[in-house]
1. Quick one: count up the residues across the range 120-144 that are of a type outside the set (V, I, T), touching a residue at least 12 places away in the same chain (Cβ under 8 Å), closer than 23 Å to L257 by Cα and outside any helix (DSSP H, G or I).
2. Please go through the range 83-94 and give me each residue that is part of a helix (DSSP H, G or I) and over 12 Å from E136 (Cα atoms), ordered by number.
3. Just wondering, is there one or more residues in the range 217-230 that are part of a helix (DSSP H, G or I), open to solvent by 70 Å² or more (accessible area, probe 1.4 Å), closer than 20 Å to P176 by Cβ and not basic (K, R)?
4. From the residues in the range 16-25 that are open to solvent by 10 Å² or more (accessible area, probe 1.4 Å) and modelled with pLDDT of 85 or more, which one is farthest from L50 (Cα to Cα)?
5. Those residues that are among the polar types (S, T, N, Q) and free of Cβ contacts under 8 Å to residues at least 40 places away in the same chain, I need them from the range 218-233; list them, please.
6. Which residues, counting only those in the range 190-217, are free of Cβ contacts under 8 Å to residues at least 40 places away in the same chain and within 24 Å of R292 (Cβ to Cβ)?
7. So is R304 part of a loop (DSSP other than H, G, I, E, B), under 20 Å from P214 (Cβ atoms), modelled with pLDDT under 95 and in contact with a helix residue (DSSP H, G or I) (Cβ under 9 Å, 6 or more places away or on another chain) or not?
8. Taking only the range 162-214 into account, find how many residues are part of a loop (DSSP other than H, G, I, E, B) and among the β-branched types (V, I, T).
Amino acid sequence: MNMSSINPILVTGAAGDVGAIGRHVTAMLLAKGHRVRALVRREDERAERLRKLGAEVIVGDLTDLQTVHRAIEGCKRIYFGMSISAAYLEATANVAAVARHHGVEAIVNMSQMTVSQMNISETTASPQHKLHWLAEQVLAWSGLPVVNVRPTVFIDGFFLRLGAMGVRGNNELALPLGNAKTSPIAAYDVARVVATILDDPVPHIGQIYNLTGPESVDVEQHARAFSEALGRTIRYRNVPVAPWSEKLREFGLPAHLIGHLVVMAELHAEGRYDRTTDDVVKLTAQEPMSTRDFVKLHAAEFSRS
């Protein structure tokens, strides 16, 4: 008998925010016939939507050890991912310790592609990048059966969450990304990879998958993809990092998140995201979404009401 028909699969961060990987993974696993236990941080309409999909919902925080026990007990497979947070490493250690205690058979860990260019003596100036690198070390030391998934930057982050206002109001993609090439990937495509692995994790244990969009091009070309998708001219404006980050502070973003975004912008300008792989196709037999297709899918968010 398939173990997945007996034991639920735990999906952390299931309510989701930018990109909503956990929510997509939950829906995809349920569609494949798996039982899913969805961990969310608060009881709200997003938690209720997960219940309506058919998930068992647990409310709690990954930094609380008792919550982690309640979430993991009875599960054999885990998707571990959470939002950018100064508590990321503490949450990872909690999950690793409790997963070992309960004999978990597979963990898919959401990391970042930047980690592949880091080592014991070289990280980046991003506090979150360092936490992701340390989290991978903790999971390796745990001896658990882990699969590391390392996406490049998400389209949903810079291009949607941080770029939509400028596109709506001024027909411009105003971001501090320089003129280097970049290969953003849609969170939905990352979720497809995660769901594929969790559906049958054994062949993937110990593997690292680097996930990118279908091509790496400069932001001018991404802006042209916006124009094609929206039917109006969208121009890229490379803005200075300092005033851009100050605007994020005015919007109330946490300092930890702003520090991470600033470093990502600087790494973009240095060409650190000019990478492409075919791991998405190899794992799912389907190409990842292009920028044009992503913008068409979210056209309402890029257009004035």
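1. Residues meeting the conditions: 2.
2. Residues satisfying the conditions are E90, A91, N94.
3. Within the range 217-230, the first condition is being part of a helix (DSSP H, G or I), and the residues that meet it are 219-230.
In the following step, the residues that additionally are open to solvent by 70 Å² or more (accessible area, probe 1.4 Å) were identified as 220-221, 224, 228.
After this cut, where a residue has to be closer than 20 Å to P176 by Cβ as well, the list is 220-221, 224.
Subset that is not basic (K, R): 220-221.
Looking through the range 217-230, at least one residue is part of a helix (DSSP H, G or I), open to solvent by 70 Å² or more (accessible area, probe 1.4 Å), closer than 20 Å to P176 by Cβ and not basic (K, R).
4. In the first step, residues of the range 16-25 are kept if they are open to solvent by 10 Å² or more (accessible area, probe 1.4 Å); the result is 16-19, 21, 23-24.
So of that shortlist, the ones also modelled with pLDDT of 85 or more come out as 21, 23-24.
Numbers: I21: 13, R23: 8, H24: 10 Å.
The extreme case among them is I21.
5. Q221, S227
6. First, pick out the residues of the range 190-217 that are free of Cβ contacts under 8 Å to residues at least 40 places away in the same chain: 200, 203, 217.
Selection gives V217 alone.
7. Values: part of a loop (DSSP other than H, G, I, E, B): yes; under 20 Å from P214 (Cβ atoms): no; modelled with pLDDT under 95: yes; in contact with a helix residue (DSSP H, G or I) (Cβ under 9 Å, 6 or more places away or on another chain): yes.
No.
8. Going through the range 162-214, the residues part of a loop (DSSP other than H, G, I, E, B) turn out to be 162-163, 171, 176-180, 183-184, 186, 200-201, 205-207, 212-214.
Checking the rest, the ones that are also among the β-branched types (V, I, T) come to 205, 212.
Going through the range 162-214 one residue at a time, the tally reaches 2.
The values are calculated or read from the model by the stated rules, or taken from the named source; none is laboratory data. In this text, all values refer to a predicted model and were calculated from it rather than measured experimentally. Reconstructed Cβ throughout: ideal geometry from the backbone, glycine too, with neighbour counts over all protein chains shown. With ligands, DNA and RNA removed, areas are computed over all heavy atoms of the protein, side chains included. Shrake-Rupley method; radii C 1.70, N 1.55, O 1.52, S 1.80 Å.
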